[in-house]
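Each remark here refers to the structure printed beneath this line.
Computed from the coordinates by the stated procedures, all read-outs in this text should not be read as laboratory data. The structure presented is a predicted model; accordingly, all values stated were derived computationally and were not measured. Neighbour counts are summed over all protein chains in view; Cβ atoms, including those assigned to glycine, are modelled from backbone coordinates with ideal geometry.
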Amino acid sequence: MKRILTIQDISCLGKCSVTVALPVISAMGVETVILPTAVLSTHTMFKDFTVKDLTDQLIPITEHWKSQGVKFDGIYTGYLGSAEEIEIAKKIFDEFGGDDTLIFIDPVMADNGKLYPAFDLEYAKLNASLCGKADIIVPNITEACFMTDTEYKEAYDESYILTLLEKLSKLGAKKVVLTGVSLSEGKTGVYGLDTVTGEKIVYQNDRVDASYHGTGDIFASVCVGGLMRGLSLYDTFKLAADYTADTIRETLKNPAEPWYGVDFEATLPKLIKALD
Ligand code: PXL
């Protein structure tokens, strides 16, 4: 069985980061080891959340794994809390990475043209340098703009996306895949580039007119699961985009607060079936 390590926070309530990655990737038949960067009472879209930073635990935990000869087929990073954690993630890539280990980075820090409250421009630049160590990065357009000093645009054309991809490739990642790219009215999806072969990866599905917290984590988790199961890049991104859209549609059936999270528990059986 393949084994991946995911490095991100535990938001105890409100579905995102580890509470999404662990169930989703495990359900896809891939062992999912966690390295929690912090424990929060909820994700940061709630008011008055508590945070216990775990930065000082990251090296001791990974040193122990090293002493046990632990290896990973993939390392997936999501929301990292601080500049120091980005530096530690780089060290972990060096210690546990290698030709047989897929480094998958979702540089979670911004959306809709704005950085999340915990982050600043310096953090964005550090995230850009982390991305340079990746096999695959999956920023949204906002994150890509912050990492490449590009003006964020709500309305854009394909040439804007191609320019962003070109700038992202210069960060050093082997495959750069933009998420939340809409190439025509009512559609959304991914637009990516394999910087080694020049191959484009484009998939568009119907846009569901709703926005929920944690959908990026759902998308990234399915990508990691799919790649570990040996799916092609196109099939992986199609599966992840379709599953995310399906899950948003499912969530719309319940009148939950949009910032809470999505009802992925209801759609997991379909995801498992799609892998048959
Ligand atoms: O879904 C990304 C995410 C993960 N973890 C925490 C967050 C967010 C997004 O805001 O606040 C704590």
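Length available on full extension from V196 to D149: 0.36 nm per residue minus the Cα-Cα distance, which gives 14.6 nm. With the convex hull constructed from alpha-carbon coordinates only, region 77-201 shows a mean projected area of 7.5 nm² over all directions.
Summary of packing: across the peptides 148-157, 237-246, 54-63, 87-96, the per-residue average of other C-beta atoms within 10 Å ranks them, highest first, as 237-246, 87-96, 54-63, 148-157.
Relative contact order of region 1-154: what whole-number percent is it, with Cα pairs under 8 angstrom and at least 6 residues apart?
Details: 260 pairs, mean separation 30.7, N = 154.
Relative contact order here is 20 percent.
Using the average count of surrounding beta-carbon atoms within 10 Å as a protection proxy, the listed peptides 68-77, 44-53, 105-114 rank, highest first, as 105-114, 68-77, 44-53.
As a proxy for reagent exposure, ranking E85, E122, E265, E250 by other Cβ atoms within 10 Å from fewest up yields E122, E265, E250, E85.
For the residue pairs K125/K174; K167/K238; K52/K175; K114/K187; K15/K187; K90/K273, the C-alpha atoms sit more than 27 angstrom apart in K52/K175; K90/K273. Computed from the Kirkwood radius of its Cα pairs, the Stokes-Einstein diffusion coefficient for region 1-109 at 10 °C and 1.306 mPa s stands at 112 µm²/s.
Over the chain, Cα pairs under 8 Å with separation of 6+ residues give a relative contact order of 17 percent.
Projected label points at I61 and E166, each 7 Å from Cα along the beta carbon direction, are separated by 4.1 nanometres.
Within the P(r) computed for the chain, what percentage of the Cα pairs occupies the region above 27 Å? Intermediate results must be reported in sequence, preceding the final value.
Details: 12626 of 37950 pairs.
Result: 33 percent of Cα pairs exceed 27 Å.
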